[in-house]
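Comments concern the structure below.
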Amino acid sequence: MNALHLAVADGMTIARRNALKIRRAPDLLGGVVMLPIVFVLLFTFVFGSMISLPGMSYGEYLLPGIFVMTIVSSGQITGYTLTQDLRKGVFDRFRTLPMSPSAVLTGQTVADVIMNLTSIVTMALVGLLVGWRIHSSPVEAALGFLMLLLFAYAFSWVTATVALALRTPEVFNNVATIMSFPMVFLSNAFVDSTRLPGPLRPIAEWNPVSTLVQAARELFGNTSPALPVPDAWPLRHAVPVSLLWSVLLLIVFVPLATRLYRKAAGR
């Protein structure tokens, strides 16, 4: 019990350290927030007038996709920060301190939850300004935001694993971009996945990003009975499947990232 208490305390200390880094380097958070704002304005006011959906506005259809794009993009900061610390020898300094080995990764991912919360709140406020509304109950809306944060936390462990395997910021940025762009754009974040051609449709329908976007739309009430009912099983059970994806990512990547961190810190 004492070891667990120390691990939690050390993790919170590292989380405060990383939160201070974000506050002192607002360009990190600004990049994560500004790009989705540009997408909201671009798709709402430029493409929104050309994209019509039965029974609802394109802006309300779009915002849950922007939320998910934001947390996928901000997850890259986890890996970038870890590779920067690795290059600067910060891991070696941590190794000399009487602290829990798991505190570095736990603190980093918890700090990213704070950053993601800031990003999502910003997106929600911008969405309200351009006409987005929540049409569900407060409980369902709260569950929608919590589910987004849970997936963001789980995805940060994925990027941490990739970063610790690659070890350099430049290589990580290239790989993370190649990984995140297809996840977001080959999904239902911006268009209905049933309209995608050929083999792209099943890929998009089984994409965890599509499932999370669909779950967010259902929980925020941003759906319409006039829209086609998804045929794919993950999209028909979007809320439980999204929660399952988050749990599965944590089960797989938390121990994997921890093992890679111990190897990196031991060199």
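Just so it is clear, none of the values below were taken in a lab; they were calculated from the coordinates. Fair warning: this is a prediction, and the values are worked out from it, not measured in the lab. As a convention, Cβ positions derive from the backbone with ideal geometry for all residues, glycine included, and neighbour counts pool all protein chains shown.
Relative contact order for the range 91-237 using alpha-carbon pairs under 8 Å, separation at least 6, rounded to a whole percent?
Over the range 91-237, the number comes to 25 percent.
Convert each backbone phi in the range 62-77 into a coupling constant with the Karplus relation 6.51 cos²θ - 1.76 cosθ + 1.60 (shift: θ = phi - 60°), then list the ³J(HN,Hα) values in order as whole Hz, x for Gly and Pro.
Computed from phi, the couplings for the range 62-77 are 6, 4, x, x, 5, 4, 5, 4, 5, 6, 5, 5, 5, x, 5, 5 Hz.
Need the full-extension length gain, LEU129 to TYR80, defined as separation in residues times 0.36 nm minus the C-alpha distance. One decimal, nm.
Value of the extension gain: 14.4 nm.
Sorted by mean Cβ packing within 10 Å, highest first, what order do the peptides 228-237, 107-116 take?
The peptides rank, most packed first, as 107-116, 228-237.
In nm, to one decimal, how far is the TRP233 label point from the SER137 one, both placed 7 Å along Cα→Cβ?
2.9
Looking at the range 90-231, I'd like the Rg to Rh ratio, where Rg is from alpha-carbon atoms and Rh is Kirkwood's inverse mean 1/r. Working shown, then result.
Values: Rg = 18.4 Å, Rh = 17.6 Å.
Here the Rg-to-Rh quotient is 1.04.
Given the Cα-Cα distance of ILE251 and LEU42 and 0.36 nm per residue of separation, how much length would full extension add, in nm?
Length difference between fully extended and current span is 71.5 nm.
Given axes a ≥ b ≥ c from the Cα gyration tensor, I'd like to know whether the range 134-207 is rounded (a/c under 1.5), prolate (a/b larger than b/c) or oblate.
oblate
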